[in-house]
1. Which is the longest stretch in chain B that no exposed loop site breaks, taking sites as chymotrypsin sites (Phe, Trp or Tyr not before Pro) with a DSSP loop state and at most 14 other Cβ atoms within 10 Å?
2. Pull out the extension gain between residue A:263 and residue A:89, defined as 0.36 nm times the separation in residues minus the alpha carbon to alpha carbon distance; nm, one decimal.
3. Which whole number gives the average count of other chain Cβ atoms within 10 Å of the Cβ atoms across peptide B:136-149?
4. Is the C-alpha gyration tensor of chain B telling us rounded, prolate or oblate? Criteria: a/c under 1.5 is rounded; beyond that, a/b larger than b/c is prolate, otherwise oblate.
5. Under a crude label model (7 Å from the Cα following the beta-carbon direction), how far is residue B:290 from residue A:201 in nanometres?
6. Can you give the FRET efficiency for residue A:229 and residue A:338, using 1/(1 + (r/R0)^6), R0 = 25 Å, r = Cβ-Cβ distance, to the nearest 0.05?
7. What aspartates and glutamates could a cross-link reach from residue A:274, if we take a straight Cα to Cα line under 12 Å and drop same-chain neighbours fewer than 8 places away?
8. For the stretch B:209-263 and the stretch B:105-167, what is the separation of their C-alpha centers, rounded to whole Å?
Amino acid sequence: MKAVDRSPPVTIRGIAKRYGNTTVLHGFDLDVNPGEFVTLLGPSGSGKTTILMILAGFVRPNAGSIKVGEEEIVAMPPHKRNVGMVFQNYALFPHMDVFQNVAFPLRQRGVGAAEIASRVREALGLVQLGEYAERRVDQLSGGQRQRVALARAIVFEPRILLMDEPLSALDKKLRERMQIEIRHLHERLGMTTIYVTHDQREAITMSDRVAVMNAGRIAQLDTPKGLYARPRTRFVAEFIGESNFLPVELDGAAVKFGGQPLRMAETIGPSAPKQWLVIRPEKLSILNGHADPTLNQFQGRVREVVYQGESFICYVTLADGSEISVRNYSRGDALTRLPEAGQPIRLGLSPEDVVLVPEDSVA
Amino acid sequence: MTAVSLQSAAAPAGLNEDALEAAQRAERNWMMAICSPSLILVGIIIFVPVGWLFWLSLFDAQGALTAGNYLRLLEQPSYFKTLMMTFKVSVIVTVVCLALGYPLAYLLSQLPRRTAGILMISVILPFWTSVLVRTYAWLVILQRRGLVNDWLMSLGIIDEPLQLAHNFTGVIVGMSHVMLPFLVLPLYASMKAIDRDYLRAGLNLGASPTKTFWQVFFPLSLPGLSAGVVLTFVLCLGFFVTPALMGGGNVFMWSMRIEQTSRLYSNWGAASAMGVVLLVLTLGILWAFYKLLGTRNLLARGLR
């Protein structure tokens, strides 16, 4: 299968969907660039799957526009959209073998038998299942079904590719391998891809950009690095990775925690009155003796230490009563110097790692 | 590491082996013991009467051992005609049930659960009513001065009452009504089990709704369809009450022939022989269906 020369952009504008009195999507906007891999990430009920169903044409929105390239598809029936989709449970036809499954979209398009055979072989080769064409679907493992579903979704060279939590049924190891494989396949084919997941790590691993969704709206649309390093709301900071939240006071231009001003890499503009300091557990360091004076320092007492193999986590109670966690990697002599519960501890946070988010407005 | 492996090697090879085996045996025996009442019951109510039926069929009216009961079935052409009529009625009733039942089961499977439940009651309710009552109800509706003829005549569509009961049409109508649930219930169950994502996948891959139905939904409904068809057809073969009443003596089926032979002529040997023939034919049909569908990956594996 050749790489798609120029997979079209997708422009989504003002998509609204209501079920009775419940609004699932409030005017959803999203621009996906040609060949881009965008992930919709959110908890269940955030509307991410509904968007995918609307893109595929299985659910009709109450309002909005979806353009693939220049073409408006919002009212087009699903079988005319030419959009590939990988279903959460794969939806491989159980009454057909692997070959027939992958050939299905080509048959619908009236492709000749010889061309079908060569294109199916090519697609199965691409997902490393060349030997499995004759197998029945129930003879395949979960990972193999996943690949067949992928081959079936790309064999007809759709304009865009949709994936609905395709890896959620696989075990952790296989999931991580498939993430990389799908990523490579995407790089090779260059197909505009919209991916849905509730697994933040998966989203960060695979995507060019991630749209974090909350209650039918995009909370933040950013690159994985941007999302992790600079979350813009407390919801996003909580959803992506692990976070500690400390209440801070705004005193003019200064930001204070526990009466002590924070050293920050960038000054903040006028913003919401209530702010939280977001600290990732691995950004904190345990300080011993003389410490770099440019660090922000926090005093506390160790409550518990949890050993997790590659790292350990200290739960620390700060002077003002806030709970905070610190992750340190089990490297060098770190293990022999494990803090003990009840001991006082000093933590350092670099000014570059100071991130403030406003309190979430109650929607 | 070595210390650990030495210690486990020190344990005797078959530690507790005998006790574990005994426990396994005791569990198996207990399972057999609690199954045995039902096995015995099934044996008594199925194998004993069937065996007796077969035994009886080998004797003539004077109690002498004979194959005459079977030979007569071959020699007299009227038996063959009755058998053909039985098959004809069964095939037509099955086809009518299929034509009515497939769309009905499809509708039920696509409706929301609540609505489907209410409609399902309308299919099952007759199921709980006596076959005799239902058959007489059809007679009332279809007879010469029945509801249908009255309406058609008062509307001026016909001048003479149509012959709807006491003939072939009446038998088909009455039997189809009785048999419909046997086709709809297994069909509905198998349609309900078809994941909607299969249909979505069909559409998504470019098949029109019609093609998605025929290439995806229909093949996946085949296990339920074949179960329903076999059940309906086999039940039709031995059906007595409805064809006897609705046919009014004009449609002669195998079961009626058996009844006549045993009641009117008190020829138990001949009646038993006919029963054995029906049983063998039915088993043969079941076996043929199983061979036909079982090897096509449909019956057993269709819905995984």
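1. Working: sites that count: B:240, B:265.
By the stated rule (loop sites, at most 14 other Cβ atoms within 10 Å), B:1-239.
2. Answer, rounded to one decimal: 57.7 nm.
3. Values: counts 0, 0, 0, 0, 0, 0, 0, 0, 0, 0, 0, 0, 0, 0.
Mean partner shielding for this stretch: 0.
4. oblate
5. 5.0
6. In this case the efficiency is close to 0.30.
7. Cross-link targets: A:249, A:251, A:359, A:360.
8. Using only Cα atoms, the two centres lie 18 Å from each other.
Each reported figure results from applying straightforward, stated rules to the coordinates on display, with no laboratory input. Everything quoted here is computed from the prediction, not taken from an experiment. Ideal geometry is used to build each Cβ from the backbone, glycine not excepted, and the neighbour counts take in all protein chains shown.
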